[in-house]
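Here's the structure, in structure tokens; my notes come after.
The values are calculated or read from the model by the stated rules, or taken from the named source; none is laboratory data. Just so it is clear, the model here is predicted, and its values are computed rather than measured. A quick note on method: Cβ atoms are made from the backbone with ideal geometry, for glycine too, and the neighbour counts reach across all protein chains shown.
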Amino acid sequence: MPVIQRSRKLADSSPPPTARLEVDYVSVDRPRPSSKNARLHSRKKVRQLAQTIAALKVISPIIVDEHFEILAGHARLEAAKLLGLNEVPIIRVPHLSEAEKRAYRLADNRFSEKATWDNELLSVEIRELIDLEFDIELTGFDTADIDIILDEDGLEASDDIPAPAPGPAIARVGDVFHLGNHRLVCGDARDPAVYKALMGSEKAQLVVADAPYNVKIDGHVSGLGKVRHADFMVGSGEFSYEQFVLFLRTVFILLVSNTVDGAIHFSLWTGGTCGRCWRPAMASSPNLRISSYGPRLMVAWALFTDPATSWSLSTKAAESLTSTTLN
């Protein structure tokens, strides 16, 4: 059935809302967060929302039921409390059943997620706000998001990756490629000789690592069927929990031994059973201290020879690098 016909059928079968919605102001302690709220808000998001409310002097009403339990607006309430507001605007919706309340709570979040942007118009809006010297992060977009949006037109063409040439692979284990001032090695990250071939006598100041997740790749990582990747040489689901912890620990120890004192280590990781291997592997690696971790990124640093120096200097460096990434 065409979309227009389905819309008309829905409109004919569903009476319009008859309840008039009114905005009231109540004490900030009156609305009650719902224990069934599945939407999580990071501290960073709440701080950004609070900054926007403070700057624009506008806060959207919080939707509550007849018992003042929140149906929509948990983040707004947290932001209001962070700002020290005494009152917040609310709209009471007393006519919903328990099942309808649950559905509304989910739908309010889910439908906003499924919306898309008109990227061309979005870029124009952001550019014009920048020209007006407006604090663009009050819109909720981070600096990194803005950079991507503004560069998107130029990236569309350059992001087309050419298909690999047919024939056997050229690179072999042990090969080192010189790319200007950079070097690229083909080898096993568990092999000390590979680091020696790549680094010589030098040591790195920063590590960005993405170790295998010990999950099957072939047939599972496929970009909705557009791309097909072969399994990795190792770490594609063949390890037990204990074996995978040892695998990661071996890599982390070698990474630390080839970095300077106080080097920052970024490690991508995943959830689930295999994701639980990351922290014990990293925590049990000598001279590697975990700074913080989020859903997809763990940050640590290599300890200085002097533990006191390591703690005071590396903590500041790690906090500076991760403050906008993990919160």
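What about Lys101, is it modelled with pLDDT under 90, of a type outside the set (A, V, I, L, M, F, W, C) and surrounded by 14 or more Cβ atoms within 10 Å (Cβ to Cβ)? No; evaluated as a whole, the condition is false for this residue.
Residues that are modelled with pLDDT of 90 or more and in contact with a Leu (Cβ under 7 Å, 6 or more places away or on another chain) were ranked within segment 191-220; the one that is nearest to Phe266 (Cα to Cα) is Tyr195. Among residues belonging to segment 245-263 that are modelled with pLDDT under 85 and of a type outside the set (Asp, Glu), point out the one that is surrounded by the fewest Cβ atoms within 10 Å (Cβ to Cβ). Checked segment 245-263; the qualifying residue surrounded by the fewest Cβ atoms within 10 Å (Cβ to Cβ) is Gly262. Can you find even one residue in segment 115-128 that is free of Cβ contacts under 8 Å to residues at least 60 places away in the same chain, closer than 17 Å to Arg47 by Cβ and surrounded by 13 or more Cβ atoms within 10 Å (Cβ to Cβ)? No; the residues of segment 115-128 include none that is free of Cβ contacts under 8 Å to residues at least 60 places away in the same chain, closer than 17 Å to Arg47 by Cβ and surrounded by 13 or more Cβ atoms within 10 Å (Cβ to Cβ). Assessment of segment 13-23 against the conditions (among the aliphatic types (A, V, I, L, M), surrounded by fewer than 12 Cβ atoms within 10 Å (Cβ to Cβ), modelled with pLDDT of 90 or more and not assigned by TED's automatic domain parsing to the domain that holds Glu137) yields at least one matching residue.
What are the residue pairs meeting all of these: first residue in segment 169-181, first residue touching a residue at least 12 places away in the same chain (Cβ under 8 Å), second residue small (Gly, Ala, Ser) and assigned to a loop (DSSP other than H, G, I, E, B), Cβ atoms under 6 Å, and 6 or more apart or on different chains? Filtered contacts from segment 169-181: Val173/Gly187. Of the candidates Leu132, Leu85, the single residue that is among the hydrophobic types (A, V, I, L, M, F, W, C), more than 25 Å from the chain's Cα centre (by Cα) and loosely packed, with under 13 Cβ neighbours inside 10 Å is Leu132. Restricting attention to segment 231-261, the residues being within 27 Å of Asp218 (Cβ to Cβ) and in a loop (DSSP other than H, G, I, E, B) number 10. Looking only at segment 35-74, which residues are of a type in the set (Gly, Ala, Ser) and surrounded by fewer than 18 Cβ atoms within 10 Å (Cβ to Cβ)? Within segment 35-74, Ser35, Ala38, Ser42, Ala54, Ala55, Ser60 meet the criteria.
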